[in-house]
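Q: This is the structure, below, for whatever I ask next.
The values are calculated or read from the model by the stated rules, or taken from the named source; none is laboratory data. On a predicted model such as this, the values are computed, not experimentally measured, just so you know. Cβ atoms come from the backbone with ideal geometry, glycine included; neighbour counts cover every protein chain shown.
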Amino acid sequence: MSRDFHTKLALPKAFCRNLNVEKLANITSVKGSWKVNVRQGSDGMMYFEEGWADFVSLHCLTVGDIVVFEHIGEMHFKAFIFDLNTACEKEFDKDLASNAGASSQQRDNPYFVITMQNYNSPDCKRNSPCVLFLKFMNFQYIPAEFWKSTGLNKKTSVNLRDPSGKKWSVELKIYKSCGNGRLLMDGGWKQFYESNKLKIGDVCTFELLNNNPKGSTVASMDVHILPAPI
C-alpha cells in the first residue's frame, strides 16, 4: 500500500475508462463485506473514498501490504490481502471479523500460493539461472503437503480458471526422480502462463474447487493473480 492509502485508494485508469459516474462499490474479503463510495478527484482519477478507511482499519493494512481486487462484475469486488515480505496471504482472526452490516465470509476451499520464479517461466534460456530446469521449463510444481492432503495426485488433469473466467486444461504428472515423487502441472501450463502474461515475481493463489463429479480424474481450481511490484 502507498503512504496515502488510509483515506482513499486510486482505481486503475484502464478500469475507469468505462466508469464515468460516481457509484457505490461492494468489497468482500474473508472478514466480511463493505460498501465503499467511488468518487472522482480533482485530478480526474476515480477513488475508493467513504467506507474505505473502515476497510483499511479493520484489515490492519500498513505500508507495504498488497491488496488484490478481483472484479466479479458491476461494482462487486473480492479483496485478497498479501504481506509484501512473505508474498503470503494474510490470516485474520475470525472473531474480529465484524463491522456494521458486514456479511461474514471465509475461504473454505484448500489453496496454495506460488511466487513465479525463473524455473516457472517458459522463457527460460540457457544462459539464465534456471539452466538446470531447461527440460522442465514449461511446468509448475505443486507443494507436496498440498497434493498429499487433498489427493490431487490421483487426478490426471486440472482445469485452471483465470481471473477473466477462462478455463485452461492442464495435465498433471508425477515426476518420480525426486525422492518420493513430485506432482507438477505440465502440458497446458505454458499456454496458461503466456496468456495471463505471468512474469517473475507474480504471486498466484490456486484455490481447489469441489465441483467435479465424485470419482472424476479432473480437478478444478480458481487462480487469483497478484502482479509483482513494479
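Q: Val56 passes all but one of (1) closer than 22 Å to Val203 by Cα; (2) in a strand (DSSP E or B); (3) not basic (Lys, Arg); which number fails?
A: In the conditions (1) closer than 22 Å to Val203 by Cα; (2) in a strand (DSSP E or B); (3) not basic (Lys, Arg), Val56 misses (2) alone.
Q: Among the residues of region 27-58, what is the count of those that are farther than 13 Å from Leu11 by Cα and surrounded by 19 or more Cβ atoms within 10 Å (Cβ to Cβ)?
A: 8
Q: Using the structure shown, decide if Asn85 is under 30 Å from Thr62 (Cβ atoms), at pLDDT below 70 and in the same structural domain as Asn196 (by TED's automatic domain parsing).
A: It is false that Asn85 is under 30 Å from Thr62 (Cβ atoms), at pLDDT below 70 and in the same structural domain as Asn196 (by TED's automatic domain parsing).
Q: Residue by residue through region 212-228, note down the ones that are surrounded by fewer than 10 Cβ atoms within 10 Å (Cβ to Cβ) and on the phi < 0 side of the Ramachandran plot. Spell out how you get there, then give the answer.
A: Within region 212-228, the subset surrounded by fewer than 10 Cβ atoms within 10 Å (Cβ to Cβ) is 213-215.
Matches in region 212-228: Pro213, Lys214.
Q: How many residues, within region 182-224, are at pLDDT below 90 and aliphatic (A, V, I, L, M)?
A: 5
Q: Still on this structure, I have one more. How many residues are over 15 Å from Ser29 (Cβ atoms) and either at pLDDT below 80 or assigned by TED's automatic domain parsing to the domain that holds Cys204 (or both) if we restrict to region 45-78?
A: Residues in region 45-78 being over 15 Å from Ser29 (Cβ atoms) and either at pLDDT below 80 or assigned by TED's automatic domain parsing to the domain that holds Cys204 (or both): 5 in total.
Q: While we're here: Look at region 29-60 and say how many of its residues are in contact with a Phe, Trp or Tyr (Cβ under 7 Å, 6 or more places away or on another chain) and either in contact (Cβ under 8 Å) with a residue 40 or more places away in the chain or of a type in the set (Lys, Arg) (or both).
A: Of the residues in region 29-60, 6 are in contact with a Phe, Trp or Tyr (Cβ under 7 Å, 6 or more places away or on another chain) and either in contact (Cβ under 8 Å) with a residue 40 or more places away in the chain or of a type in the set (Lys, Arg) (or both).
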